[in-house]
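The values are calculated or read from the model by the stated rules, or taken from the named source; none is laboratory data. Since the structure is predicted, the reported quantities are computational estimates derived from the model, not experimental observations. Using ideal geometry, Cβ is built from the backbone for each residue, glycine included, and neighbour counts are taken over all protein chains shown. Accessible surface is based on the protein model in full, side chains and every heavy atom, while ligands, DNA and RNA are left aside. Shrake-Rupley method; radii C 1.70, N 1.55, O 1.52, S 1.80 Å.
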Amino acid sequence: MAPSATSPPPAEDPTILALRKTLTSESSPLALRFRALFSLKHLACQASLPAIHAIAATFSSPSALLKHELAYCLGQTKNLAAVPYLRTVLEDVEEDAMCRHEAAEALGAIGDTGSLDVLREFRDRAGEQVVVKETCEIAVARIEWENSEEGKAEKLKQSDFASIDPAPPMDQAESIESLEKSLLDTKLPLFLRYRAMFGLRDLASPPDLPTAVPAVLALAKGLEDPSALFRHEVAFVFGQLSHPASIPALSAALGNLEEASMVRHEAAEALGSLGEEEGVEDTLKRFLDDKEQVVRDSVIVALDMAEFEKGGQAEYALIPETAA
């Protein structure tokens, strides 16, 4: 059972208590809650159980955007203490599909073989939402790969990105053309297509690499994929890269009112990481009154991120006064 947001354990660090109070408060501005979350994520990734509990306590929020980000952050901790919370979210068929998808992806990131049964159950569940089924498929493949002899023997090149990805990058010795072919081949398993996606991502960083722009343009073609999950992951990767060459594709995805909200929201946040680029803030502001709540919320967070990018602050986080 998730700990209560109002009654944290008495011996917690005052910084974590202050961050928890901000994160769990429905009256706090959403952008401030996101900054508190990323601060807690930093502590949770250092094995702080109170930080993990503080993040999980916020699953009671009505904000689908915030809850999906909670699940992502818990997955990045690689900590088994997060597994029961994530399972609860995945198993709640009344929960927003975007949150359930992120919980499944987080279970894959943690990589515990004990999660395979629940992931297979929802991968194969009749009538399950496609985005949840597809995420469970990828998470199962990731855990199986990570625990296989082949996976253990594979020598992955060090990535510029510290994130635990839904799939490991494909060998960068492959050409952009070859990776693009795998990326766009809908007959391949999603896990292999994701591997191509993250392989292309790594060829686009740092941004002055000669392969960067061609890799970004190859990734942009993935925004035409039939899978909303796949399209949203391309937008997420663009957010990691913060490459100006992705702005036209991201702007088009956000501006397409027929696009799935999970894709549009990810495009908005990705544009937020490019906030110092000309015209990006104006593009985002056009969607502050969007018909989709998750898009409106993402634009608020994206504009806050854009301010951060322009301000040159060291880290997108909230530093409570107790930590000063």
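So, of the residues in the stretch 152-179 that are within 22 Å of the chain's Cα centre (by Cα) and among the acidic types (D, E), which turns out to be farthest from K221 (Cα to Cα)? Of everything passing the filter in the stretch 152-179, D160 is farthest from K221 (Cα to Cα).
Given the criterion of a type in the set (A, V, I, L, M), within 18 Å of I164 (Cα to Cα), assigned by the TED database to the domain that holds V130 and assigned to a helix (DSSP H, G or I), identify the matching residue among L90, L37, L65.
Answer to the check: L37.
Against the numbered list (1) modelled with pLDDT under 95; (2) under 27 Å from H265 (Cα atoms), G108 comes up short only at (1).
Within the stretch 276-296, residues that are of a type in the set (V, I, T) sit with their Cβ atoms under 8 Å from residues that are outside any helix (DSSP H, G or I), at 6+ positions apart or across chains, in these pairs: V280/L274; V295/F287.
Output yes when any residue across the stretch 290-312 is in a loop (DSSP other than H, G, I, E, B), modelled with pLDDT under 95 and more than 22 Å from C136 (Cα to Cα), and no when none is. Break it down into steps so the answer makes sense when it comes.
Restricting attention to the stretch 290-312, the residues satisfying the condition of being in a loop (DSSP other than H, G, I, E, B) are 290-292, 312.
Applying the additional criterion that residues be modelled with pLDDT under 95 yields 312.
Within this subset, residues satisfying the condition of being more than 22 Å from C136 (Cα to Cα) are 312.
For the stretch 290-312, residues in a loop (DSSP other than H, G, I, E, B), modelled with pLDDT under 95 and more than 22 Å from C136 (Cα to Cα): present.
Taken over the stretch 212-236, residues that are farther than 19 Å from N256 by Cα, open to solvent by less than 10 Å² (accessible area, probe 1.4 Å) and either β-branched (V, I, T) or in contact with a Gly (Cβ under 8 Å, 6 or more places away or on another chain) (or both) amount to 1. Scanning the stretch 165-191 for residues that are under 23 Å from N147 (Cβ atoms) and surrounded by fewer than 18 Cβ atoms within 10 Å (Cβ to Cβ) yields D171, L188, P189. Flag set for L209, criterion: free of Cβ contacts under 8 Å to residues at least 24 places away in the same chain, out of contact with any Cys (no Cβ under 6 Å at 6 or more places or on another chain) and not assigned by the TED database to the domain that holds T113.
Looking across the stretch 30-75, the residues that are polar (S, T, N, Q) and either free of Cβ contacts under 8 Å to residues at least 12 places away in the same chain or more than 16 Å from E269 (Cβ to Cβ) (or both) come down to S39, Q46, S48, T58, S60, S61.
Can you spot a residue in the stretch 142-162 that is surrounded by 14 or more Cβ atoms within 10 Å (Cβ to Cβ), among the aliphatic types (A, V, I, L, M) and in a helix (DSSP H, G or I)? So far as the stretch 142-162 goes, yes, one or more of its residues are surrounded by 14 or more Cβ atoms within 10 Å (Cβ to Cβ), among the aliphatic types (A, V, I, L, M) and in a helix (DSSP H, G or I). Residue-level check: of (1) more than 18 Å from P226 (Cα to Cα); (2) aliphatic (A, V, I, L, M); (3) surrounded by fewer than 23 Cβ atoms within 10 Å (Cβ to Cβ), A139 misses just (3).
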